[in-house]
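K.L.:
This is the structure I have questions about; it appears just below.
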Amino acid sequence: MRIVTGLEFRTVQVFMFINIWISGIRLYRNPIKAFKASKQMIQKFMDHAEGQNLHRGFYLKGKYTWDMFNPHWPSKAFNRFYTTQLREHGLLNQDQTNIRRLLIAITKKCPLQCEHCSEWDTLNEKDQFTLDDFFKKIDGFVDDGVSQLVFSGGEPLIRFNDLVEMIQRYRNKCNQWVYTSGYQLTPEKAERLAAAGLNGVAISLDHHIEEFHNLFRGNQKSFQWVKDAVKNCKDAGLMVTINSCLTKTYLNDNNTDHLINLVKEWNVPILNILEPRAVGHYANKDVELSIREQQMIESKVRQYNNKKHLEYPLISYPAMFRKNLPCGGGRSYLFLDYDGTLSPCPFCKTPIKNHLELTNKCEIEAVLN
């Protein structure tokens, strides 16, 4: 992997836009309408970014990317992803889902006891869906246009062989990521995941000090798992991101710079910052970040995501860029649980029976509001 900046990055962005415009022509059957829709969509993204321009991307295995939420370019997944975006933008084909990302908990088994676990109430429950059961569910979404699959748990590597088969099945249609603690992610397993067609691995790290990360995760081996997994995935040619859930205590102790510097030391290109939610093990607890604490994270995003800090990891903070948007749960992504239950997201577990009706209603309301 190498960092892409300057003229090369701007040139790639131009070609990406042309690619999106061509997808729009196929969708709208009108090049002028497609150009306007593509331009408006990109402008909308920029408006929500509040002036934060991208100054770098990443080149890996013949493809470019800049985060973990958009498929690598060029790829079929990129084309499918932005066709769905444009369909959503224009409120077209309301008999077809506008879901573009599916999060899948393939197991609730896990060797950890994490402080912030959102799956606490069902943790280590017996697996209920077979591989074929998952295929039947996921196939329908992929046929409808879903272009990004995110495999989680529990700890998804516990069902490693099934995970590899899932990735192989959708490799030519979808951008695919695994969210993991790094549990038993050996060099051999990293190579198998890469060979199967996996695009990236997001590895959880919640403290820059080994002792405190292990305490947070409830396992004295957890920090070493993370460190080993980062190396093994990079060696296998996988895109690597660090997922970090920053608590009130961590932020107010001014630890964020220490975490960023550790991610830089490990040469990981992206740090994705998550917020704690009062669900699962955190239910009924005062854990959700205040506006002041959110602003502390936003200041780090602005500090490090500029031309002066290109040697640092790109800081991703989804809550910052989506705070002016309707919630994406049930609108642009869904959560498929280990027993086949569909819900808007891993934090909102209200079951969905007819996702098409829900997503279309959400799309219409989003535009009208």
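The values are calculated or read from the model by the stated rules, or taken from the named source; none is laboratory data. The structure displayed is predicted, hence computed values, not measured ones. FYI the Cβ positions are ideal-geometry reconstructions off the backbone, even for glycines, and counts take in every protein chain you see. SASA here: full protein model, heavy atoms, side chains in, ligands and nucleic acids out. Shrake-Rupley method; radii C 1.70, N 1.55, O 1.52, S 1.80 Å.
K.L.:
Pop out the carbon and sulfur fraction of the accessible area of the chain as a percent, whole number, probe 1.4 Å.
P.N.:
Carbon and sulfur atoms account for 51 percent of the accessible area of the chain.
K.L.:
Determine the per residue accessible area of the chain with all protein chains present and a 1.4 angstrom probe, expressed in square angstrom.
P.N.:
Spelled out: the 1.4 Å probe surface of the chain, per residue, equals 45 Å².
K.L.:
At each listed q (0.07, 0.08, 0.12 Å⁻¹), what is the log10 of I(q)/I(0) that the Debye formula gives for the chain modelled as equal alpha-carbon point scatterers?
P.N.:
Evaluating at q = 0.07, 0.08, 0.12 Å⁻¹ gives log10 I(q)/I(0) of -0.29, -0.38, -0.93.
K.L.:
Give me the extension gain from Thr350 to Gln13: residue separation times 0.36 nm, minus the current Cα-Cα distance, reported in nm with one decimal.
P.N.:
Contour length minus Cα-Cα distance gives 117.5 nm.
K.L.:
Let me ask another. Expected output is a single nm value to one decimal: the length gained when fully extending between Lys44 and Asp339, i.e. 0.36 nm times separation in residues minus the C-alpha distance. What is it?
P.N.:
102.5 nm
K.L.:
Another question about this same structure. Could the peptides 149-156, 133-140 be put in order, highest first, of the mean number of other beta-carbon atoms found within 10 Å of their residues?
P.N.:
149-156, 133-140
K.L.:
Here's something else I'd like to know. Within straight cross-link reach of Lys126, meaning Cα distance under 21 Å, which lysines are found once same-chain residues fewer than 8 apart are removed?
P.N.:
Output for Lys126: Lys108, Lys109, Lys136, Lys137, Lys349.
K.L.:
Cβ neighbours within 10 Å, averaged per peptide: list 327-333, 347-353, 239-245 in order, most packed at the top.
P.N.:
The densest-packed peptide leads the list: 239-245, 327-333, 347-353.
K.L.:
Based on the Cα gyration tensor of the stretch 141-217, what are the three equivalent ellipsoid semi-axes, each the root of five times an eigenvalue, rounded to whole Å and given largest first?
P.N.:
26, 14, 10
K.L.:
Another question about this same structure. Sort 170-179, 14-23, 227-236 by packing, meaning the average of other beta carbons within 10 Å per residue, with the highest value first.
P.N.:
170-179, 227-236, 14-23
K.L.:
Check cross-link reach from Lys173 to the aspartates and glutamates: straight Cα distance under 17 Å, and skip same-chain residues fewer than eight apart.
P.N.:
Excluding near neighbours in sequence, the set is Asp139, Asp143, Asp144, Glu165.
K.L.:
Follow-up question, since we're still on this one. Calculated FRET efficiency, Glu265 and Asp139, Cβ-Cβ r, R0 45 Å, to nearest 0.05?
P.N.:
Calculated value: 0.60.
K.L.:
May I ask you to derive the FRET efficiency for Phe160 and Thr5 from their Cβ-Cβ distance with R0 = 25 Å, giving the value to the nearest 0.05?
P.N.:
0.10
K.L.:
Could you work out the relative contact order of the stretch 1-141? I mean the mean sequence separation of Cα pairs under 8 Å and 6+ apart, divided by the number of residues, in percent.
P.N.:
20
K.L.:
Taking each pair of different alpha-carbon atoms in the stretch 50-190 once, compute 1/r for the pair, average those values, and report the inverse of that mean as the Kirkwood hydrodynamic radius in Å to one decimal.
P.N.:
16.8
K.L.:
Then there is this: Given R₀ = 56 Å, what would the calculated FRET efficiency be for Ile32 paired with Leu215, taking r from the Cβ atoms and rounding to 0.05?
P.N.:
The formula returns an efficiency of 0.45 here.
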